[in-house]
Structure formats: C-alpha cells, structure tokens
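None of the figures in this text is laboratory data; all of them are computed from the coordinates on show. Note that the structure is a prediction, hence the values are computed from the model and not measured. Every residue, glycine among them, receives a Cβ derived from its backbone with ideal geometry; neighbour counts consider all protein chains shown.
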Amino acid sequence: MNILALESLDLAALVASRVCHDVISPVGAIVNGLEVLEEDKDEGMREFALDLIRKSAKAASARLQFCRLAFGAAGSAGAAIDTGDAEKVARGLFADDRTQLNWTAPRVFMAKNKVKLALNLCLIAAACIPRGGVMNVTIEGEGDDVRISVSVRGPNLKLASHVADLLEGRSESGTVDAHGIQPFFTGMVARSCGMAVQVTATSEEVILTAAPEASAKEGA
C-alpha cells in the first residue's frame, strides 16, 4: 500500500473539482428550467419549469453553504466555527424525505478543523446510503478531547472499499482522483487536529469515529 503525497496545487485542483461536481447538477437543472420558460408557452410546462428552478436553486444553495464550511477557510487561521452553523448546513444538505438526520452535539464554538472533520465524515457516511436512511451525528467532549461519531443505516448500505485506506493517506494505486479526494482530504483534516478516524462497517451499519490519536491507538 502506497502512502500518498500530493502537491498543494494538485490537492486544491482535486478538491475544487469535487465541489464543482456537487454543484453542477442543480445548476444545470436551473439552466434547463430557464430554457423551458423561454421557449415553451404551455402553462403546465412553465409551472413544472418554475418548480424545477425553485428546487434546484435551493439544492445548489444548500450544497454551496455546506461546502463553504466543509472545504473552505470559513474565517482566518485559528478561527472557531459555531457547531450550530454546522448542524444547519448538514440539515440543509442531508435531511429530506429519504434521510433522517439526528444531530447530538452541544452548541459551542469549536476549532474549525474539527467542525470541518465532522462535516466531511457526514459526506462519507451519506455516500454509504444512496437510497437514504438514518444518519446519527454525535459530537462530545471539549478542547483536545473532542470525539466525533457519524453512523448510518439504510437500504443498499455500502462503504466504498478505498475509503478506509484513503482516510489513512494510503492508496493501492499510489494515486487519487476527484472521486477519492474527499476521504483523503478528510484524513488530512483529522491529522491536522491530532485525531484519527476509525471505520467500522457491517451489513447493517457503517460507523465513522474520530478521536484523539492517542485514544484511537489505545482502543485499536
């Protein structure tokens, strides 16, 4: 298994590609809806187009707000982020008719990388339940003893085989693409704040747990 080392420009390009991929779909739907409004005079089609534009604009906004906290600077170096804001963007992105989000965490200002870590763990977990399900997010402790747990259950539950290795900064091929950059980035964020991520996957549940590195090694 090869340890990955990315140049800063390559990392930035891959993360940007991932963010653009997430936003392209709803933005494209908005464009399609506007074209229908311009070209079709049928009232039924125009109402359909308006509904598509409304839903797609809401989806695009939710994704951008989430990405701003999960991938962006969200303030100057050393800044803290309100966990209430993190919950809000997570609910905007994940909580819908298919997915139930249970968020258990005190509302406090927490080191931004730890909040980014929690949100990125949510992204990994959400990818495990493509047809929806239940996502449980728990943040407890304070200071250097913060612990984060994200678990999911749902139909067609599956954790991609490369996720655990990429979280540790490793890859069998020695490379990473835009599809795998998010778990790789998540591992980088975890290590930046002295934490390690453990993955537990069964046929019924996937659990991602981030804890201080010393504690994670003791529990291994």
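Bridging of Lys116 to aspartates and glutamates at a Cα separation below 12 Å is possible for Asp82, Asp85, Glu87, once same-chain residues fewer than 8 apart are set aside. In a simple Cβ point-charge model (Lys, Arg +1; Asp, Glu -1; nothing else charged), region 15-57 has a dipole of about 320 debye relative to its Cα centre.
With Rh defined as the Kirkwood radius, the inverse of the mean 1/r over Cα pairs, the Rg/Rh of the chain is 1.01. Think of each Lys and Arg Cβ as +1 and each Asp and Glu Cβ as -1; about the Cα centre, that makes the dipole of region 116-181 roughly 420 debye. Taking Cα centre as origin and charging only the Cβ of basic (Lys, Arg, +1) and acidic (Asp, Glu, -1) residues, the dipole magnitude of the chain rounds to 340 debye.
Working from Cα pairs under 8 Å separated by at least six residues, relative contact order for the chain is 20 percent. Residues Met45, Met188, Met135 in ascending order of nearby Cβ atoms (within 10 Å, fewest first): Met45, Met188, Met135. Site-free segments of the chain were taken between trypsin sites (Lys or Arg not before Pro) in DSSP loops having at most 14 other Cβ atoms within 10 Å, sites themselves excluded; the longest one is 159-220. Phi angles of region 138-152 translate, via the Karplus equation with coefficients 6.51, -1.76, 1.60 and θ = phi - 60°, into HN-Hα couplings of 10, 10, 9, x, 8, x, 7, 10, 5, 10, 10, 10, 10, 10, 9 Hz per residue; Gly and Pro are given as x. In region 1-51, taking the dipole from charged Cβ atoms about the Cα centre, the farthest positive-side position among Pro26, Leu50, Leu6 is held by Leu6. Close amide-amide hydrogen proximity is noted between Gly133 and Thr99, Gln100, each under 5 Å apart and 5 or more residues distant or on a separate chain (H modeled in the peptide plane; Pro and chain starts excluded). Cα centroids of region 124-142 and region 42-92: 18 Å apart.
Beyond a 28 Å Cα-Cα separation, which of these cross-linked pairs lie in this structure: Lys55/Lys88; Lys114/Lys158; Lys55/Lys112?
Table pairs above 28 Å Cα-Cα are Lys55/Lys112.
Taken one residue at a time, the phi angles of region 13-21 give Karplus couplings (6.51, -1.76, 1.60, θ = phi - 60°) of 5, 5, 5, 4, 4, 5, 5, 4, 4 Hz. Gly and Pro are set to x. Sites listed here are GluC sites (Glu not before Pro) in region 36-142 whose DSSP assignment is loop and whose Cβ has at most 15 other Cβ atoms within 10 Å: Glu142.
Per-residue ellipticity at 222 nm, computed for the chain from helices alone with -39500 (n - 2.57) per DSSP H run of at least four residues, works out to -17000 deg cm²/dmol.
Rounded to the nearest Hz, the phi-derived 3J(HN,Hα) couplings of region 36-49 under the Karplus curve 6.51 cos²θ - 1.76 cosθ + 1.60 (θ = phi - 60°) are 5, 4, 6, 10, 9, 9, 5, 4, x, 5, 5, 5, 4, 5, where x marks glycine and proline. Taking square-rooted eigenvalues a ≥ b ≥ c of the alpha carbon gyration tensor, is region 75-147 rounded, prolate or oblate, where a/c under 1.5 means rounded and, failing that, a/b exceeding b/c means prolate? It is prolate, given that a/c is not under 1.5 and a/b is the larger ratio.
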